[in-house]
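What follows is calculated from the coordinates using simple rules that are stated; it is not laboratory data. Note that the coordinates shown come from a computational prediction; the quantities given were computed from them, not determined experimentally. When we count neighbours, we look across all protein chains shown, and the Cβ atoms used for this are built from the backbone with ideal geometry, even at glycine.
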Amino acid sequence: MKKLILVLSIAIIWGCQEEKKEPSIAETMKTYTIAQMMDNEAIGGGSFSPDNKKLLVHSNRTGIYNAYALSIESGELEPLTQSDSSSVFTTSYFPNDDRILLRKDNNGDEIYQIYLRDSLGTVTNLTPFPGARANFYGWSKDEKSFYFGSNKRNPQFTDVYKMNLEDFSHTLMYENNEGYDVSEISDDEKYLALVKPVNTNDVDMFLYSTDDGEMTKINENQSSNSPQDFSKDGKYLYYTTDDGGEFSYLKRYSMAEGTSEKVLEKDWDIMGSYFTRSGKYRVSYVNDDGTNVIEVYDTEAKKNLELPTFDGGAITSVGFSKDDSAMRFYLGGSHTPSNLYHMDLATKEYKKLTDVLNPEIQAQDLVHAEVIRYPSFDGVEIPAIYYKPHQATAENPAPALVWVHGGPGGQSRMNYNSIIQYLVNHGYAVLAVNNRGSSGYGKTFFQMDDLNHGDKDLKDCVEGKNWLATQSEIDGEKIGIIGGSYGGYMTMAALTFTPEEFDVGVNIFGVTNWLRTLKSIPPWWESFKDALYKELGDPYSADSVRLRKISPLFHANKVTKPLIVLQGAQDPRVLQVESDEIVASVRQNGVPVEYVLFEDEGHGFVKKENQIKAYGKILEFLDMHLKQEVEKPIEESDL
């Protein structure tokens, strides 16, 4: 018996030795070039054709955005435009034929125009007003015209026009002389919903009667108010408000009674809500801790439509055919770019129409982000989104970056971000900090940084660095800071006002001189200017002293850590001179400074060629100055 037990024991031990251990993701993952990572296809839009057989989308598959007709049956993309300079973005099919409306500016200058592509493929600018912007506001109920806004009469104010589809002549519907912004137009054209910002959170809301010109203020208290849609019967205006609470909820205002009632409330902000063309469905978007949650309410059945669910992904947006027989939706997540789907609402069957991930990339190599929270210096809880590299362990700690979103008042969300995934793939952990002043976490949190930029918001970022340094998988001696626009400002503020906290800085078109930026905002921001001044400060007042104090340009002599700056020459928000001057000033310190300038980009880089160069340069900079690796051989994709 003892001999038998011994034999069995030996057999078990031998069997255990023979078992093969499954390799970990870190052992099987590949490291990708920036060209491979940017070879994912980005698709947007999704207007249904009148026959419900196609979707109108824009895609950057050629390296620049162009318009395509996507066959719902085959998934094939038919090119509709062939721009090789400025990106073309889709707006909508015409209600009853295959003509389409497009939107385009000039290499990122944000002077948008509305274009027509006719049935023969000819593209015509419908709003060729010199120096003026034009924005599509929707189709008229009779489908014989569309509405648009333009500041052609006065660069500071946007008027509302109606364009006839027969001869494309336009008439003035509303002349804006008081700095209002038009949000919604009722189907019967009797009412316009207008807003006027009070500060960056609070907005006054008005109902304008086109019959007699009467203007009625709807909100009673100072609060955030945003018109969403008119009911199809013309009796109600639906709007979101945070009146009396921290988060925005949905209400409706009765034109006849002059009273409001609550319609829908969640634990987070309701970001938007609208009715489909027929009015059968009401779609609402909820910002649930940085993730989109969508509800589609069937107004006839009085219940929510049951949407498909997916493991590891979320529906990020939806759109409906004119007859409400079909729905298209985008599905994505922090670890995967969004794909487009089609769903038959009668059968509930759906199918995937696109596969945008570069086939050279293994999906499992991309990192799922997680929401974390940490206490700041004063006990305020700061939400953040954490991307941990697969290869990072206590035995192999990774360098890290604090990522700061744009704004002020923006939010890092659980969406796919190609540059973050590229950096994480190359061994950098990223903590996307939603410092105080970020949206999505209640109006008290949102207003915590008013007239306090470069101070407590910066301290939140420093505490994010400190949180990273406590993680066993992070090398606490190698942590940098990166961001674009306001995030670029935070990068420069960190290197200037806390010069020993971060080891490197990546400034992507960041503000460095608040006095100049606030004086040079584009004229079409006039309605928002006073609100912006209330948050940041009025450069024409005594606030100028504080604005100079928090502007990194005037304290650039304090920068001691390596810096890379990236900028678009056509940027109308953060002018090129902001980056030119900070680069020149920091170089006087004898600090390593790199500067990457794109002549054909604005406030954000949209051309693949430029993205590849920009993000590739960032990694090279980080490898040299943060990871402190020797310079890598030039990749074939960089040539």
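Worth a mention:
- Using Cβ point charges alone (K and R +1, D and E -1), the dipole size of the chain about the Cα centre works out to roughly 520 debye.
- 3J(HN,Hα) couplings calculated from phi for segment 552-567 with the Karplus curve 6.51 cos²θ - 1.76 cosθ + 1.60 (θ = phi - 60°) are, in sequence order, x, 4, 7, 10, 5, 5, 7, 6, 10, 9, x, 9, 10, 10, 10, 8 Hz; Gly and Pro show x.
- Pair residue 364, residue 589: separation of 7 Å Cα→Cβ label points (nm): 4.5
- Inter-site label distance for residue 222 and residue 371 at 7 Å from Cα along Cβ, in nm: 3.0
- Checking the cross-link pairs 443/627; 141/251; 302/351; 235/351; 232/608; 53/280 against a 32 Å limit on the alpha carbon distance flags 443/627; 235/351; 232/608 as lying beyond it.
- Taking a straight Cα-Cα cut-off under 25 Å and skipping sequence neighbours fewer than 8 places away in the same chain, the lysines within cross-link reach of residue 152 are 104, 144, 162, 190, 196, 519, 529.
- Extension gain (nm, one decimal) between residue 569 and residue 120, 0.36 nm per residue minus Cα-Cα: 158.1 nm
- Gyration tensor (alpha-carbon) shape descriptor, segment 492-624, a/c threshold 1.5: oblate
- A cut-off of 5 Å between modelled amide H atoms, ignoring neighbours fewer than 5 places along the same chain, links residue 299 with 281, 282.
- Local electrostatic count at residue 206 - Lys and Arg +1, Asp and Glu -1, tallied over other residues with Cβ under 9 Å: +1
- Overall form of segment 53-124 per C-alpha gyration tensor (a/c, 1.5; a/b vs b/c): oblate
- Using the Karplus relation 6.51 cos²θ - 1.76 cosθ + 1.60 with θ = phi - 60°, the per-residue 3J(HN,Hα) values for segment 318-325 come to 9, x, 10, 5, 4, 8, 6, 8 Hz, with x marking Gly and Pro.
- The relative contact order of segment 335-449, computed from alpha carbon pairs under 8 Å that lie at least 6 residues apart in sequence, is 24 percent.
- Loop-resident sites, segment 432-523, for trypsin sites (Lys or Arg not before Pro), counting at most 14 other Cβ within 10 Å (DSSP): none
- Taking θ as phi - 60° and the Karplus parameters 6.51, -1.76 and 1.60, the scalar couplings of segment 534-542 work out to 5, 7, 9, x, 8, x, 9, 10, 4 Hz in sequence order, x denoting glycine and proline.
- In this calculation the C-beta distance from residue 477 to residue 352 is compared with R0 = 60 Å, giving a FRET efficiency of 0.85.
- Interchain or long-range residues, amide H under 5 Å from residue 81's placed H: 67
- Relative contact order for segment 161-272: 15 percent, from Cα pairs under 8 Å spaced at least 6 residues apart, divided by residue count.
- Gyration tensor (alpha-carbon) shape descriptor, segment 511-587, a/c threshold 1.5: oblate
- Dipole orientation for segment 384-520: of the candidates 441, 499, 419, 441 has the Cα lying most toward the positive pole (charges on Cβ; Lys, Arg +1; Asp, Glu -1).
- 9 Å beta-carbon shell around residue 625, net charge (K/R +1, D/E -1): 0
- FRET efficiency, 1/(1 + (r/R0)^6) with R0 22 Å, evaluated for residue 246 and residue 199 via beta carbons: 0.85
- Database remark: amide H of residue 100 closer than 5 angstrom to the amide H of 94, 117 (H placed geometrically; neighbours at sequence offset of 5 or more, or on other chains; Pro and chain starts carry no H).
- Residue-count net charge about residue 132 - beta-carbon cut-off 13 Å; Lys, Arg +1, Asp, Glu -1: -1
- Additional length obtainable on full extension of the chain from residue 303 to residue 418, 0.36 nm per residue less Cα span: 37.7 nm
- Placing +1 on the Cβ of every Lys and Arg and -1 on the Cβ of every Asp and Glu, with nothing else charged, gives segment 483-639 a dipole about its Cα centre of roughly 620 debye.
- Nitroxide proxy distance, nm - points 7 Å out along Cα→Cβ at residue 110 and residue 451: 2.5
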